[in-house]
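To start, the structure itself, in structure tokens.
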Amino acid sequence: QVQLVESGGGLVQAGGSLSLSCAASGDTICMSAMGWYRQAPGKERELVAGIISGGRAYYGDSVKGRFTISRDNAKNTVYLQMNSLKPEDTAVYYCNADTTIATLSCAGSWGQGTQVTVSS
């Protein structure tokens, strides 16, 4: 399992930018595939972006071209740079092991996440 602490959320106007950070700890093997997720009120949690240890990244269709995921393996930290933010990006953002790639046992408990609010 991994343990995560998300930070960097806040209130921003549409078109603005935010950078999120996820400090990870625990099973380093499980950190081979990490992802950022988000959940808006009344909606299911969805994968926003993911990244494997080698740096290859993948994105949800709604954020392609606007968000960039990166990682610093030495610091066990995953980042999400969010540009051109839209009101529909408003959600609580979480990070965790990406169990579509890693094993199910790699997933840590969902933390409190970090709130991102984008105003019109």
| task | Please report the base-10 log of the normalised intensity I(q)/I(0) for the chain, using a Debye sum with one equal scatterer per alpha carbon and no solvent, at each q in 0.09, 0.14, 0.22 (1/Å). | result | -0.21, -0.51, -1.26
| task | State, to one decimal in nm, how far the label point of Glu88 lies from the label point of Tyr58, with both points 7 Å from Cα in the Cβ direction. | result | 2.2 nm
| note | Surrounding charge for Ser53, neighbours by C-beta under 14 angstrom, Lys/Arg +1, Asp/Glu -1, total 0
| task | Could you name the lysines whose alpha carbon sits less than 25 Å from that of Lys86, not counting residues in the same chain fewer than 8 places away? | result | Lys43, Lys64
| message | So for each of 73-83, 102-112 I average, over its residues, the number of other beta carbons within 10 Å; can you give me the resulting order with the highest mean first? | response | 73-83, 102-112
| query | Between segment 1-30 and segment 47-120, how many Å separate their Cα centres? | reply | 7 Å
| Label points 7 Å out from Cα along the Cβ direction at Gln39 and Leu104: separation in nm? | 1.8 nm
| field | Restricting segment 17-120 to GluC sites (Glu not before Pro) in coil, as DSSP defines it, with at most 12 other Cβ within 10 Å | value | Glu44
| field | Neighbourhood charge, 12 Å Cβ-Cβ cut-off, centred on Arg66 and excluding it, Lys, Arg +1 and Asp, Glu -1 | value | -1
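What's the extension gain from Gln115 to Asp72 if we count 0.36 nm per residue and subtract their Cα-Cα distance?
Difference between extended and current length: 13.2 nm.
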| Residue (of Gly55, Thr77, Cys95) at the positive-pole extreme of the chain, dipole from beta-carbon charges | Gly55
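Read the figures in this text as sums done on the coordinates, not as results from a lab. Computed from a prediction, not measured in an experiment: that's the story for all the values here. Cβ: placed from backbone, ideal geometry, glycine included. Neighbour counts: every protein chain shown.
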